[in-house]
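**Student:** My structure is below; once you've seen it, I'll send some questions.
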2 protein chains.
Amino acid sequence: MKMIKNSLGREIPEFVEGIGDLIPYQGVWEYIKKTQSKHLHARACYGIGKGIEKLLPDIKTALERCNIKDGMTLSFHHHFRAGDETLMQVIAAVNEMRIKDITVFSSSLTSSHDGLIKYIENGTVSRIFTSGLREKLGKFITDGKLKIPAVIRTHGGRARSIALGEVPIDIAFVAAPSSDILGNSNGIEGPSACGSLGYAMVDALYADKTVIVTDNIVDYPLHPASIPEWQVDFVVKVDRIGNPAKIATGSTRITKNPIDLAIAQSASDFIARTPYFMEGMSFQVGAGGASLAAAKFMKEAMKERNIKGSFGIGGITSYMVELLEEGYLNTLFDVQSFDAVVAKSIAKNPRHIEIPATYYSDPFTKNCVVNNLDIVILAALQVDADFNVNVMTSNTGVLMGASGGHPDTAAGAKLTIIVCPSFRARVPSIVDKVHTVITPGESVDVIVTERGIAINPQRSDLIEFMKKSKLPIRDIHEIKEDVEKLTDKPEEVEFEDRIVALVEYRDGTIIDTIKALKCD
Amino acid sequence: MKMIKNSLGREIPEFVEGIGDLIPYQGVWEYIKKTQSKHLHARACYGIGKGIEKLLPDIKTALERCNIKDGMTLSFHHHFRAGDETLMQVIAAVNEMRIKDITVFSSSLTSSHDGLIKYIENGTVSRIFTSGLREKLGKFITDGKLKIPAVIRTHGGRARSIALGEVPIDIAFVAAPSSDILGNSNGIEGPSACGSLGYAMVDALYADKTVIVTDNIVDYPLHPASIPEWQVDFVVKVDRIGNPAKIATGSTRITKNPIDLAIAQSASDFIARTPYFMEGMSFQVGAGGASLAAAKFMKEAMKERNIKGSFGIGGITSYMVELLEEGYLNTLFDVQSFDAVVAKSIAKNPRHIEIPATYYSDPFTKNCVVNNLDIVILAALQVDADFNVNVMTSNTGVLMGASGGHPDTAAGAKLTIIVCPSFRARVPSIVDKVHTVITPGESVDVIVTERGIAINPQRSDLIEFMKKSKLPIRDIHEIKEDVEKLTDKPEEVEFEDRIVALVEYRDGTIIDTIKALKCD
């Protein structure tokens, strides 16, 4: 395998069997600039005429009607997160039909998809394209048990890959909490209401075939339709598509951890002292305890200073809805709702706007809304002295996170803040070199820990600005050394040469690879 | 030029210089069925990164920034109808820049575009793709003064040609009554509010470059956005984009003509006796005096029978809004608003839904809403004994109408009614052979005139059904002979061999050609 170094010095294969040619990462904006004049043809889906019957009795019939074949790419979305029940129903039906070598192309994968392991083992599934990998499936892939490397994409990069036709979707499955019999569907009504269907909106527009899977058929015409009937081939009614109660689990739960709360407060204090904290500012908070909590402290600071913001983006939590309702923000752009109650806000508030992932963060569009962001607050599993961030692999090298919108928002926002406890369970989070670069340091401005705040040296403007403040601004190496004194020396993790996952940066270049753990 | 007969027996050239290969019409559904498994790639537009300044001072700067070149295709929409002021501003700027051989690809052209003549004469414009041609420009083209034949497309066919990449749009110009500085724009706010932007929504999605031309810049983020910022390259502020007071002119004015009203009443009486007139029915009325007036009589019949409909489509007039507000319809799908006051209804009523032309009537999508129609009432300039309809050329062969949604809705609806006075100004409307077939008789069920109602013999079910009624059901030949006794013998119109316009059926095949008038 011929390797090439990307601009971060990471070794990237030029070609991977089963995936194809790879383009190395070249910098946050470089590759986008070079390719911006290429007007490629995306996949448009053309179907059928008059009198079609779209409503089908079950998923197997839909697969048959879509002419499912070995080697096809099936797309899914993860708005139900740990509560998703649709992807596994579809793959179980594919398995029953003895179809092989399917590519599962999901906006992310969660604990609800650990069942994929047996379908990888029996050859039903041979490729995984996703933003997140965690739990048993993450460990399984880290152990090298998926033959073709998984491909990790950001939410924006996934939208880009679809719109450019790089990943043609043969069949898109949309778990829709409400649909009429012609496929007009949304996520805001019905017993399984999950909120935004932002990722699925892209799939439905570009996929060859689109199948709505719903547990709630309503009268025609359903309105508002997140996915309109003209993009839908078939509608399948099932007993249940997912459990919305499980959306707000894991990284979207609000923290009670006092260290996380202290970090969130500190991040908010920092932001409130920057020139970005002003009337009309926009912001986003990512998943993860401290970053979600920061929204709460931001509000207090806004109240104190009598400042009103412009728009918020997300990953929308109840906190963000509160900010909208109380007038601290005038608009929410919602690609994914982080708890089920958020759906009600989309339904009733015209300024709570559901948006497709293309609009959220596809870097090749004529601008995605993350590019308009003033401030984003994001979490990290590891950071390094170059401000690179890992949100994908554990300190022992195991897949346990998601790229998500992290690299997208970091690149787009004017001020990118990483909130991160300096160590966890006696293991430092600030390291020499992160296991996996998900978000390049070039796009990260500030790292906030409970032991001080480090500003990226390239942001001399911020460093200068903060000289007058009493905030604990420190060199990142200093914080790192402090932490190393307090913690155990992290065990050396040994890897095999074999690549188990490729990390795509949002522009389609490869920013890093993940290798198999050496088993003793 | 090699000619080929289409399934209606009309002679079609296989190839036209400057246009390319042509596919002959083969029947309402045949070609669609044959090509439905072809999944073609439509144009997706990829642009730019962070920090772009979209707001430009004038149209000329926008043309420069879009790298305008000789031979490019510029798209426009006609929601302002006779009040449009944007297309001519753009072409005047193109002319000033000495750019040549532009294709003007507009959803339609009206009297407000007669100014194009001088730009055709001086070589600025060399191709015209449109739905309508009328007034001085229609006469000019009928006289053979445009070198390359004009191409007439239906609204659905235009959307199809764009989505399939058959007509790649280099620059789409959208006259938007409101826009923010990043291009989120709509037609429902501002001093020039015109209502739906349904045709432009397709252009913006697929064009290489999209330019919003507006006379009303609002705060970011504008919502609801008919066209979202991720599809927009540039925004230009001009003094005025159009005069909404001129939208409701010509064929969208409600008639006071007693014969038209009598025909509308008769059509409504016919419909009320069919099985389609029932709870939950959907309907559309086309442009033209008698068809618009029919909506009024339909309402009276619904009231009398205590029937509530489902959805209405349009070309939406105030009459249709009244039906929605009074509960006779539960939803309006609006691709084009036929008077300026309709904009207010879209703004305030969530069941008045703006839709793109793709959803309205693109025949290759996974279904367009015209396919769900129960009843459509349409006008005609000429009909013939085979129920073919001409809405494009006058009895003397001059271009003076528009294909519009006529063939789309006729094909889609379960019951297609043509309302047409049997003669106008002593010239029969029922002829042996229409000058130009726009809508094939195969998709027309009933012709209602003031001298009787003719049912298409292929609809034996309707003939049987109406036997018990007291309505004046007559053979179309009988009506025709009656009329001929009352009218002057129409002058023979002589044509040259030269083709001045090609009429595309909605599926992209050529249904007819229009030839130059022989000048004495």
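**Student:** Among (1) modelled with pLDDT of 90 or more; (2) crowded, with 17+ Cβ neighbours inside 10 Å; (3) part of a loop (DSSP other than H, G, I, E, B), which single condition is residue A:264 missing?
**Tutor:** Result: residue A:264 passes all but (3).
**Student:** Another question about this same structure. Please determine, by comparing only the residues of the stretch A:363-380 that are at pLDDT 95 or above and away from chain B (no Cβ under 14 Å), which one is farthest from residue A:288 (Cα to Cα).
**Tutor:** A:375
**Student:** Right, another one. Scan the stretch B:234-246 for residues that are aliphatic (A, V, I, L, M) and within 14 Å of another protein chain (Cβ to nearest Cβ) and jot them down.
**Tutor:** Once the filter is applied, which keeps residues that are aliphatic (A, V, I, L, M) and within 14 Å of another protein chain (Cβ to nearest Cβ), the stretch B:234-246 yields only B:235.
**Student:** Out of the residues in the stretch A:154-179 meeting the condition of being crowded, with 24+ Cβ neighbours inside 10 Å and in a loop (DSSP other than H, G, I, E, B), tell me which one is nearest to the other protein chains (Cβ to nearest Cβ).
**Tutor:** That would be A:169.
**Student:** Name the residues in the stretch A:267-296 that are free of Cβ contacts under 8 Å to residues at least 60 places away in the same chain, under 24 Å from residue A:249 (Cα atoms) and open to solvent by 10 Å² or more (accessible area, probe 1.4 Å), would you?
**Tutor:** If the condition is that a residue be free of Cβ contacts under 8 Å to residues at least 60 places away in the same chain, under 24 Å from residue A:249 (Cα atoms) and open to solvent by 10 Å² or more (accessible area, probe 1.4 Å), then A:296 is the only one that fits.
**Student:** List the strands (runs of 3 or more DSSP E) inside the stretch A:389-481, counting only whole elements, that have at least 2 residues being closer than 16 Å to residue A:287 by Cβ and in contact with a helix residue (DSSP H, G or I) (Cβ under 7 Å, 6 or more places away or on another chain). Give the derivation first.
**Tutor:** Working: elements: A:415-419, A:446-449, A:452-455.
Ranges flagged: A:415-419.
**Student:** How about the stretch B:218-258: which of its residues are touching a Gly at 6+ places or on another chain (Cβ under 9 Å), outside any loop (DSSP other than H, G, I, E, B) and open to solvent by 40 Å² or more (accessible area, probe 1.4 Å)?
**Tutor:** Of everything in the stretch B:218-258, those that are touching a Gly at 6+ places or on another chain (Cβ under 9 Å), outside any loop (DSSP other than H, G, I, E, B) and open to solvent by 40 Å² or more (accessible area, probe 1.4 Å) turn out to be B:245, B:246, B:251.
**Student:** Looking at the stretch B:327-362, which of its residues are more than 13 Å from chain A (Cβ to nearest Cβ) and free of Cβ contacts under 8 Å to residues at least 24 places away in the same chain?
**Tutor:** Step one: list which residues in the stretch B:327-362 are more than 13 Å from chain A (Cβ to nearest Cβ), which gives B:327-328, B:336-345.
Those that are more than 13 Å from chain A (Cβ to nearest Cβ) and free of Cβ contacts under 8 Å to residues at least 24 places away in the same chain: B:327, B:341.
**Student:** Give me the pairs: first residue in the stretch A:193-216 and at pLDDT 95 or above, second residue among the aromatic types (Phe, Trp, Tyr) and part of a loop (DSSP other than H, G, I, E, B), beta-carbon distance under 7 Å, and six or more apart or on different chains, which are they?
**Tutor:** If the second residue must be among the aromatic types (Phe, Trp, Tyr) and part of a loop (DSSP other than H, G, I, E, B), the pairs left are A:194/A:80.
**Student:** Within the stretch B:367-394, how many residues turn out to be among the acidic types (Asp, Glu) and either more than 30 Å from residue A:227 (Cα to Cα) or open to solvent by less than 10 Å² (accessible area, probe 1.4 Å) (or both)?
**Tutor:** 2
**Student:** Something else: Output the number of the condition that residue A:146 fails; it satisfies all remaining conditions of (1) in contact with an Asp or Glu (Cβ under 8 Å, 6 or more places away or on another chain); (2) open to solvent by less than 20 Å² (accessible area, probe 1.4 Å).
**Tutor:** (1)
**Student:** Would you please list the contacts, defined by Cβ atoms under 8 Å and residues six or more apart or on different chains, that run from a residue in the stretch B:305-326 that is away from chain A (no Cβ under 14 Å) to a residue that is of a type in the set (D, E, K, R) and in a helix (DSSP H, G or I)?
**Tutor:** B:319/B:296; B:319/B:299; B:322/B:299; B:323/B:299; B:326/B:299
**Student:** Within the stretch B:180-217, can you find the residues that are surrounded by fewer than 24 Cβ atoms within 10 Å (Cβ to Cβ), part of a loop (DSSP other than H, G, I, E, B) and not acidic (Asp, Glu)?
**Tutor:** Correct list: B:181, B:188, B:190, B:191, B:193, B:216.
**Student:** Which members of the stretch A:111-128 meet the condition of being open to solvent by 10 Å² or more (accessible area, probe 1.4 Å) and in a loop (DSSP other than H, G, I, E, B)? Quick ask: steps written out before the conclusion?
**Tutor:** First pass over the stretch A:111-128, keeping only residues open to solvent by 10 Å² or more (accessible area, probe 1.4 Å): A:111-112, A:114-115, A:117-123, A:126-127.
The answer is A:114, A:115, A:122, A:123.
**Student:** Also, I was wondering about something else. Could you tell me which numbered condition residue A:304 fails, if it satisfies all but one of (1) in contact with a helix residue (DSSP H, G or I) (Cβ under 8 Å, 6 or more places away or on another chain); (2) surrounded by fewer than 24 Cβ atoms within 10 Å (Cβ to Cβ)?
**Tutor:** (1)
**Student:** In the stretch A:339-364, how many residues are in a loop (DSSP other than H, G, I, E, B) and either in the same structural domain as residue A:242 (by TED's automatic domain parsing) or among the charged types (D, E, K, R) (or both)? Break it down into steps so the answer makes sense when it comes.
**Tutor:** Going through the stretch A:339-364, the residues in a loop (DSSP other than H, G, I, E, B) turn out to be A:339-341, A:349-351, A:355-356, A:362-364.
Going one step further and asking which of them are either in the same structural domain as residue A:242 (by TED's automatic domain parsing) or among the charged types (D, E, K, R) (or both), we end up with A:339, A:351, A:362.
Counting residues in the stretch A:339-364 that are in a loop (DSSP other than H, G, I, E, B) and either in the same structural domain as residue A:242 (by TED's automatic domain parsing) or among the charged types (D, E, K, R) (or both) gives 3.
**Student:** Could you say whether any residue in the stretch A:396-411 is open to solvent by 60 Å² or more (accessible area, probe 1.4 Å) and of a type in the set (Asp, Glu)?
**Tutor:** We begin by selecting, within the stretch A:396-411, every residue open to solvent by 60 Å² or more (accessible area, probe 1.4 Å); these are A:400.
So of that shortlist, the ones also of a type in the set (Asp, Glu) come out as none.
Scanning the stretch A:396-411, I find no residue that is open to solvent by 60 Å² or more (accessible area, probe 1.4 Å) and of a type in the set (Asp, Glu), so the answer is no.
**Student:** From (1) in contact with a Phe, Trp or Tyr (Cβ under 8 Å, 6 or more places away or on another chain); (2) within 23 Å of residue A:495 (Cα to Cα), pick out the condition that doesn't hold for residue A:435.
**Tutor:** Tallying (1) in contact with a Phe, Trp or Tyr (Cβ under 8 Å, 6 or more places away or on another chain); (2) within 23 Å of residue A:495 (Cα to Cα), residue A:435 fails exactly one: (1).
**Student:** Now, a different point. Conditions: (1) within 16 Å of the chain's Cα centre (by Cα); (2) of a type in the set (A, V, I, L, M); (3) closer than 27 Å to residue A:139 by Cβ. Residue A:398 meets all but one. Number of the miss?
**Tutor:** (1)
**Student:** Is it fair to say residue B:310 is in contact with a Leu (Cβ under 9 Å, 6 or more places away or on another chain) and in the same structural domain as residue B:337 (by TED's automatic domain parsing)?
**Tutor:** Values: in contact with a Leu (Cβ under 9 Å, 6 or more places away or on another chain): yes; in the same structural domain as residue B:337 (by TED's automatic domain parsing): yes.
Taking the combined requirement at face value, the residue satisfies it.
**Student:** Okay, moving on. Pairs only if they're at least six apart or on different chains, beta carbon under 9 angstrom, first in the stretch A:3-16 and under 20 Å from residue A:386 (Cα atoms) and in a strand (DSSP E or B), second of a type in the set (Val, Ile, Thr) and open to solvent by 40 Å² or more (accessible area, probe 1.4 Å); list them, first residue then second.
**Tutor:** A:11/A:4; A:12/A:4; A:12/A:23
**Student:** I'm told residue B:71 meets every condition in (1) under 24 Å from residue B:110 (Cα atoms); (2) not in a loop (DSSP other than H, G, I, E, B) except one. Can you identify the failing condition by its number?
**Tutor:** (2)
**Student:** Okay, moving on. Considering only the stretch B:329-347, state which residues are touching an Asp or Glu at 6+ places or on another chain (Cβ under 8 Å) and open to solvent by 10 Å² or more (accessible area, probe 1.4 Å).
**Tutor:** B:346, B:347
**Student:** Looking at residue A:429, is it open to solvent by less than 20 Å² (accessible area, probe 1.4 Å) and in contact with a Cys (Cβ under 7 Å, 6 or more places away or on another chain)? Talk me through it step by step, then tell me what you get.
**Tutor:** Details: open to solvent by less than 20 Å² (accessible area, probe 1.4 Å): yes; in contact with a Cys (Cβ under 7 Å, 6 or more places away or on another chain): yes.
Yes; evaluated as a whole, the condition is true for this residue.
**Student:** Could you run through the stretch A:374-388 and say how many residues are over 17 Å from the mean Cα position of the chain (by Cα) and assigned to a loop (DSSP other than H, G, I, E, B)?
**Tutor:** 5
**Student:** With B:418, B:463 as the choices, which residue is of a type in the set (Val, Ile, Thr) and under 18 Å from residue B:268 (Cβ atoms)? Walk me through it before giving the result.
**Tutor:** Working: B:463 fails: under 18 Å from residue B:268 (Cβ atoms).
Unique residue meeting the criteria: B:418.
**Student:** Could you look through the stretch A:193-233, keep only residues that are within 14 Å of chain B (Cβ to nearest Cβ) and among the aromatic types (Phe, Trp, Tyr), and pick out the one that is farthest from residue B:334 (Cα to Cα)?
**Tutor:** Narrowing the stretch A:193-233 to residues within 14 Å of chain B (Cβ to nearest Cβ): A:198, A:201-212, A:218-233.
Now drop any that are not among the aromatic types (Phe, Trp, Tyr), which leaves A:206, A:220, A:230.
Details: A:206: 24, A:220: 16, A:230: 15 Å.
Checking each candidate, the answer is A:206.
The values are calculated or read from the model by the stated rules, or taken from the named source; none is laboratory data. This is a predicted model, so every value here is computed, not measured. Neighbour counts run over all protein chains shown; Cβ positions are idealised from the backbone, glycine included. Heavy atoms of the whole protein, side chains included, go into the accessibility calculation; ligands, DNA and RNA do not. Shrake-Rupley method; radii C 1.70, N 1.55, O 1.52, S 1.80 Å.
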